[in-house]
1. Report yes if some residue within the stretch B:42-59 is surrounded by 14 or more Cβ atoms within 10 Å (Cβ to Cβ), over 30 Å from A:Leu175 (Cβ atoms) and either modelled with pLDDT of 85 or more or among the charged types (D, E, K, R) (or both); otherwise report no.
2. Right, A:Leu59: over 24 Å from A:Ala159 (Cα atoms), over 17 Å from the mean Cα position of the chain (by Cα) and in contact (Cβ under 8 Å) with a residue 40 or more places away in the chain or not?
Amino acid sequence: MSGWVVFLSGLSFLSLAADPTWVYKGLERGVSAAAAQVLAQLLYVVAVAALVQTPEDVLRVPVAQFAGEFAAAAALLFGLPLLGWRWPRAAWGLGRRLLVSAGFLTASRVLRTLIVTFDVVLLGFMVAASEVGLYTAAYRFCFLLMAIAGAVSAAYLPAFTRVAAEGAEALRDQLSEALRMSLLIGAPLVAGSMVIAAGSSSSTTFLGTPSWCCTKPVYRLFCMAALRRSTSP
Amino acid sequence: MNLVAIPQYGIVGAATATALAEGTIMVLALVAMGRLGVHPALRPLITPTAAAAIMAAILLVAGREWALPVQIAGGAALYAAAFATLHMTRRGGPLWSRGWSD
């Protein structure tokens with residue numbers, strides 16, 4: 001059964017390959033890209049709620065995920081001509097340069113994922129399973145903050161590309177504005193989360209386990225990491 | 001760092017290593033930006049940072065025992081009030097009369 005789950009989860013690679021969200025982000029059409037992602041999640045949730053009733057239905061989960069993602073990708077693909085966007089002619093030299101550039105980014109992402117996974121693996125060998133669970137829970141909670149910060153940064157990427165041609169001064173102004181906006185959103189989220197989730201008694205009730213109290217220092221440190229994600233250029 | 005910190009400090013050590021690694025990334029990114037001749041202005045970052053600090057301090061002192069929804073709503077209101085007050089104090093005049101980009 002688990003082999004089939006892994007196999008069907010691989011379908012998501014197809015929807016990922018067909019997904020033209022990057023075009024919309026590059027053209028600073030963030031609302032359309034975000035709407036498609038919400039559509040994908042909604043379809044996924046509705047399909048899981050409707051089709052998954054028993055443990056035997058687990059195979060339907062990756063299929064539902066693929067269906068939601070592919071529907072969103074298709075909607076964005078059909079919307080491209082409305083933006084006046086046409087598929088470019090093949091430019092192999094440019095493609096090679098992009099591939100090399102993407103290769104470095106991919107390598108750094110893979111390395112980062114390995115490093116992030118490494119601490120959990122190492123903890124698995126050295127501490128109790130319950131502590132690994134609490135560590136992962138704290139990270140997952142902060143991942144939401146990091147995702148918000150990442151979304152703000154991604155929204156500024158096309159603007160950076162545009163002003164880069166205008167020189168260092170324009171880039172400095174754009175960077176300052178991006179940092180200010182990121183901090184405007186990220187700072188209260190991080191500071192508030194640190195106080196609410198790690199400093200008060202209500203967080204224990206919220207997270208449903210008294211063991212969470214042991215994780216407060218971990219959570220605070222992860223919040224600092226989230227703040228770095230909010231503000232780093 | 002994980003190899004050194006985890007055996008001695010467990011999950012706190014692992015989280016410390018993660019936070020320090022993120023800090024290192026930030027420093028290196030700033031150095032890289034500096035080499036490109038781009039030095040971001042830090043003054044615009046003061047107001048949101050100070051407003052968040054004020055909100056956190058008030059929540060920590062007065063709001064520890066509030067119910068979670070009240071903490072969240074109160075925190076948002078405190079941040080908005082602190083930000084508006086600091087913005088007016090630093091620039092002079094009400095925020096709404098000068099526009100967002102001031």
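The values are calculated or read from the model by the stated rules, or taken from the named source; none is laboratory data. Small disclaimer: the values here were computed from a predicted structure and weren't measured. Cβ sites come from the backbone with ideal geometry, for glycine too, and all protein chains shown count toward neighbours.
1. Checked the stretch B:42-59: at least one residue is surrounded by 14 or more Cβ atoms within 10 Å (Cβ to Cβ), over 30 Å from A:Leu175 (Cβ atoms) and either modelled with pLDDT of 85 or more or among the charged types (D, E, K, R) (or both).
2. Taking the combined requirement at face value, the residue satisfies it.
To keep it simple, each residue is scored yes or no on (1) in contact with a Leu (Cβ under 8 Å, 6 or more places away or on another chain); (2) of a type in the set (A, V, I, L, M, F, W, C); (3) over 12 Å from A:Leu76 (Cβ atoms).
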| site | (1), (2), (3) |
| --- | --- |
| A:Leu11 | no, yes, yes |
| A:Ser15 | no, no, no |
| A:Pro20 | yes, no, no |
| A:Val23 | yes, yes, no |
| A:Ser32 | yes, no, no |
| A:Ala36 | yes, yes, no |
| A:Gln41 | no, no, yes |
| A:Val48 | no, yes, yes |
